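See structure below.
Nothing in this text is a laboratory measurement; each read-out follows from the coordinates by a stated rule. Everything numeric here is computed off the predicted structure, so don't read it as measured data. In this analysis, Cβ positions are derived from the backbone assuming ideal geometry, glycine residues included, and neighbour counts consider all displayed protein chains.
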Amino acid sequence: MRYSDGRVYITADELSYFAYRRENTAVDIERYGFTKTAQTSSERGHIDYSLTEEERLGEAIRQIADGYAEFIETTHTEIALSKDVTLGETEVTVEGLSDIISYDGAVHTVECVSTVRRFTTELSPFSEPEFFARASVLAYLFAESAGDEQIRLKLTFIEKKSGERISFTSMFSSVSLGRMFATLIGRAEPFIKRFYETEAIFPTEAEEMPFPYPTIREGQERFVKSAYRAIRKGENLLVSAPTGIGKTMSALFPAVKAIGASSAEKIFYLTAKTVTGRAALDAVKLLSSHAPHLYAVMVLSKEMTCPLKRRFGAPGMQSGCFTCDFVNGITAKTGFTTVSYREREVEALSALIKSGENVFTPEIIRKTADEYSVCPYELSLDLSERCQVVVCDYNYAIDDNVRFRRYFKKDGNADRYVFLFDEAHNVPDRTRNTYSASVSLDTAKELFEEVERDFPEHGSLYDAAVMFVRSLEEIRALCKDNEYLKQTENGEISCGYFEDARVNDGFAKSVSTLGKQLASVMRDTTATELLGKYYSEIYKLGFVIQNYDEKFRFFCSREGERLTVELLCLDPSGVLGRMLSSASSVVMFSATLSPMDYFAEVMGMEDADVLELNEETIEIDRVIKEKEQQCSRERAEIKAFRCH
């Protein structure tokens with residue numbers, strides 16, 4: 001959605017999000033009278049497969065339209081359509097770009113084209129609810145603009161590999177299309193109104209929002225002004241400030257003001273502990289008393305929110321998502337339900353939006369998720385798109401394995417976000433730990449024995465486990481160049497080590513192969529329970545290898561026959577530099593961010609502005625403030641004297 005000149009604009013594609021999957025598509029096909037046609041291979045045009053998927057779809061649409069020229073009176077592609085709607089006090093324009101609109105002299109046909117990986121027997125007009133919804137919206141927009149009472153709706157699917165086409169066609173009255181349109185708009189209304197409030201009302205609230213406390217502490221004002229200036233300019237800031245100065249509010253207040261000034265769209269308040277995250281939520285709640293349309297949500301990790309966490313480990317939960325009761329619509333109250341996940345998800349989000357809450361705690365999220373039988377973790381992520389402040393763990397910004405894909409994996413989004421790192425002295429060590437990994441030869445042998453005993457039918461997994469053990473045994477031999485004796489309670493034992501700037505090639509290849517085989521086998525729930533802990537270690541090794549550069553070190557140590565291999569992130573500045581580039585401005589603050597030069601270098605923020613608040617600088621601020629107040633009083637007295 002977008003906002004301009006007091007009006008919300010929503011596309012047909014965005015409106016189609018609110019379409020739900022039907023329980024029995026065969027009934028609907030008969031109800032709407034769809035007929036199916038398939039195109040033979042000889043009728044297909046040639047598609048250049050060197051093009052991107054979007055370009056291939058555009059080329060296919062042009063070929064379809066050109067093919068109609070011989071027997072259809074007029075054919076057009078990419079016709080801009082729109083309709084104005086009023087939702088209470090909110091003015092809305094629904095807009096869209098048609099694929100093909102043709103006229104045979106009697107009836108207009110609105111045709112939409114989509115690609116599928118392969119055709120199946122389940123293919124129908126309702127296979128993709130969003131596709132049918134988009135087509136019906138475009139057909140309604142055209143019927144309204146043309147004044148047509150009847151529209152032919154045509155849905156064409158193209159198989160990606162073969163280029164074969166299957167189409168479904170039916171006649172619709174403008175009245176029935178209007179009812180579908182009204183249903184979608186009704187479901188979207190809470191979201192549209194929330195968007196309008198955020199874009200049209202909140203900026204003024206943020207601009208006029210006063211500092212929420214009666215007085216501002218010494219040093220706090222300098223923090224606030226420095227942070228606001230950095231965010232407005234799209235620069236970074238490092239702040240060292242003593243405990244008790246009010247760092248949370250000093251960071252959040254200017255960031256919210258900057259959103260109101262259109263310098264950013266969303267604030268990510270990043271913490272190492274849940275307790276500091278809750279303090280940030282309290283600060284937002286206080287600010288929302290002056291800016292009623294300011295919203296915040298706390299996003300906890302999946303491990304902390306997932307109902308399956310007691311059944312599976314972290315990697316197991318990924319596989320468990322496909323069998324989760326919430327996803328399949330199974331509840332203790334109702335048993336199995338055919339209500340689609342999308343429908344339950346939209347209803348849950350609508351309930352939260354209408355709740356009147358400004359701050360959404362994990363308890364509120366969990367309660368709503370249970371009520372509507374949806375995943376609490378996914379619900380918090382979806383709700384974050386409707387909030388200006390997202391409170392979450394460091395990892396959601398610095399760990400490339402779990403960071404928010406919907407925000408940070410898209411190009412061109414960096415100018416929309418602000419990162420606020422609380423207790424930032426923890427960031428370097430957290431990053432080192434995140435991008436370091438280790439494995440022992442004992443673990444590799446345990447994995448091999450597990451595979452040999454419980455998964456004899458998976459030959460490729462067995463071979464990968466053997467390959468992994470052998471790669472570690474070969475690395476153990478490298479430790480001979482640096483051997484020494486270590487005194488223990490049981491006497492002397494032979495030890496050794498090996499280190500290199502590069503990852504051992506054989507080891508890297510074996511990790512990649514084993515990771516793929518484990519992922520393939522672990523689609524089965526039983527395998528997940530048995531292999532989950534091994535997969536977690538192998539996956540972490542592969543992740544670190546992908547990010548490995550000159551700031552890392554490959555190290556292995558031998559103690560007797562035992563071997564441990566470590567991939568160590570020694571200098572996190574390179575990784576942090578890449579991760580922090582997802583934001584237009586980064587403000588890091590802590591009471592122990594000293595020495596400042598060290599933290600600036602190790603966090604890849606050598607170009608950042610620096611603000612060091614200590615007893616001396618705070619005392620200077622206090623004296624300056626007292627002098628300003630004294631001068632103000634004296635000017636007032638002089639002015640009063642002159643008036644007499």
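Spin-label model, residue 501 to residue 54: label points 7 Å out along the Cα-to-beta-carbon direction sit 4.0 nm apart.
For the listed peptides 182-188, 283-289, a ranking on the average number of other beta carbons within 10 Å per residue, highest first, reads 283-289, 182-188.
Using every Cα-Cα pair within the chain, state what percent have a distance larger than 47 Å. Of the Cα pairs, 33 percent sit more than 47 Å apart. Projecting the Cα atoms of 264, 552, 195 onto the charge dipole of the chain, computed from C-beta unit charges around the Cα centre, puts 195 farthest toward the positive end. Each label was represented as a point 7 Å from its Cα along the Cα-to-Cβ direction; for residue 482 and residue 442 these points are 2.2 nm apart.
Diffusion of segment 450-514 by Stokes-Einstein, at 10 °C in a medium of 1.306 mPa s and with Rh set to the Kirkwood radius over alpha-carbon pairs, works out to 113 µm²/s. Shown is the FRET efficiency for residue 473 and residue 273, computed with R0 = 35 Å from the Cβ-Cβ distance and rounded to the nearest 0.05: 0.25.
Here the extension length gained between residue 550 and residue 213 equals 116.5 nm, from 0.36 nm per residue of separation less the Cα-Cα distance. Placing pseudo-labels 7 Å out from each Cα toward the beta carbon at residue 304 and residue 289 gives an inter-label distance of 2.6 nm. Taking each of 285/533; 247/354; 409/533 in turn, the alpha-carbon distance tops 30 angstrom for 285/533; 247/354.
Dipole magnitude for the chain: about 1100 debye, using +1 per Lys or Arg Cβ and -1 per Asp or Glu Cβ, origin at the Cα centre. Peptides 204-210, 395-401 ordered by packing proxy, namely the average of other Cβ atoms within 10 Å per residue, highest first: 395-401, 204-210.
Its convex hull of Cα atoms gives segment 387-516 a direction-averaged projected area, equal to a quarter of the hull surface, of 13.8 nm².
Which lysines have a Cα lying under 26 Å from the Cα of residue 486, excluding residues fewer than 8 positions away in the same chain? Those lysines meeting the cut-off are 445.
Set the Förster distance to 35 Å, then compute FRET efficiency between residue 37 and residue 93 from the Cβ-Cβ distance, nearest 0.05. With R0 = 35 Å, the Cβ-Cβ based efficiency is 0.50. Listed by chain and number, the aspartates and glutamates whose alpha-carbon sits under 16 Å from that of residue 516, ignoring those within fewer than 8 places in the same chain, are 463, 524, 537. Over segment 185-234, the hull volume per residue, using the convex hull of the C-alpha atoms, is 108 Å³. Here the sum of -39500 (n - 2.57) over DSSP H runs of 4 or more residues, divided by the residues of the chain, equals -14500 deg cm²/dmol at 222 nm, to the nearest 500.
Estimated at 0.36 nm per residue, the fully extended path between residue 466 and residue 107 surpasses their Cα-Cα distance by 122.5 nm.
If you plug the beta carbon distance of residue 413 and residue 533 into 1/(1 + (r/R0)^6) with R0 = 56 Å, you get a FRET efficiency near 0.95. Which residues in segment 112-150 place their backbone N less than 17 Å from a point set 7 Å from the Cα of residue 27 along the Cα-to-Cβ direction? Under 17 Å, as judged by backbone N against the label point of residue 27, lie 125-127 of segment 112-150. Bridge orientation summary for the chain: considering DSSP beta bridges with both residues in this region, about 60 percent are antiparallel. Taking trypsin sites (Lys or Arg not before Pro) across segment 347-378, none is in a DSSP loop with at most 13 further Cβ atoms lying within 10 angstrom of its Cβ. Among 420-429, 155-164, sorting by the average number of other beta carbon atoms lying within 10 angstrom of each residue, highest first, gives 420-429, 155-164. For the pair residue 161 and residue 221, the difference between a 0.36 nm per residue extended length and the Cα-Cα distance amounts to 15.4 nm.
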